[in-house]
Amino acid sequence: QVQLVESGGGLVQPGGSLRLSCVASGNIFNIYNMGWYRQAPGKQRELVATITSGDSTNYLDSVKGRFTISRDNAKNTVYLQMDSLKPEDTAVYYCVADEPSRRTWGQGTQVTVST
């Protein structure tokens, strides 16, 4: 079974940057896709970015050009670099890992963009 642990959230001013990390452990050998979702208060969870085992990436339109997803296979870690943050980016961010038969979620990390 896969376990995911996120870190890197916090409070940042508009225009600032944060980098989220997600470390995968356990039976990680069948993971073919990883990504980040977010959920703001009163809103549905939405897909922010994904990265495949072949390093193909995909982004939510509203974060294109500001967020970058990457992975370090040696560290079993996926990152989400978030630049030019806006108040509307405030949410709990969740890491996900996809295997052929299941999706695993992390516990979430809070990102707050505010003055």
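The values are calculated or read from the model by the stated rules, or taken from the named source; none is laboratory data. This structure is a prediction, so every number in the text was calculated from the model and none was measured. Because the Cβ atoms are built from the backbone with ideal geometry, glycine has one as well, and the counts that use them run over all protein chains shown. Areas reflect the complete protein model, heavy atoms only, side chains present, ligands, DNA and RNA absent. Shrake-Rupley method; radii C 1.70, N 1.55, O 1.52, S 1.80 Å.
The table below lists the values:
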| quantity | calculated |
| --- | --- |
| Qualifying lysines (Cα of each under 27 Å from Cα of Lys43; at least 8 residues distant if same chain) | Lys64, Lys86 |
| Amide H partners (placed H, <5 Å) of Asn58, local residues excluded | Thr50 |
| Estimated distance in nm for a label pair at Leu47 and Gln107, the labels positioned 7 Å out from Cα along Cα-to-Cβ | 2.7 nm |
| Whole-percent carbon and sulfur share, accessible surface of segment 1-98, 1.4 Å | 46 percent |
| Where a label projected 7 Å from the Cα of Gln81 along Cα→Cβ would reach, residues of segment 36-53 with amide N under 18 Å | 36, 49-52 |
| Derived scalar couplings ³J(HN,Hα) [segment 42-56; Karplus, 6.51 cos²θ - 1.76 cosθ + 1.60; whole Hz; x for Gly, Pro] | x, 10, 6, 5, 10, 7, 9, 7, 9, 9, 8, 5, x, 6, 6 |
| Loop-located chymotrypsin sites (Phe, Trp or Tyr not before Pro) in segment 1-96 whose Cβ has at most 12 other Cβ within 10 Å (DSSP) | Phe29, Tyr32 |
| Net charge contributed by nearby residues that have their C-beta within less than 12 Å of Gly108 (K/R +1, D/E -1) | +1 |
| Phi to ³J(HN,Hα) by Karplus 6.51 cos²θ - 1.76 cosθ + 1.60 over segment 61-74, Hz, x for Gly, Pro | 3, 6, 10, 4, x, 10, 10, 9, 9, 8, 9, 10, 5, 5 |
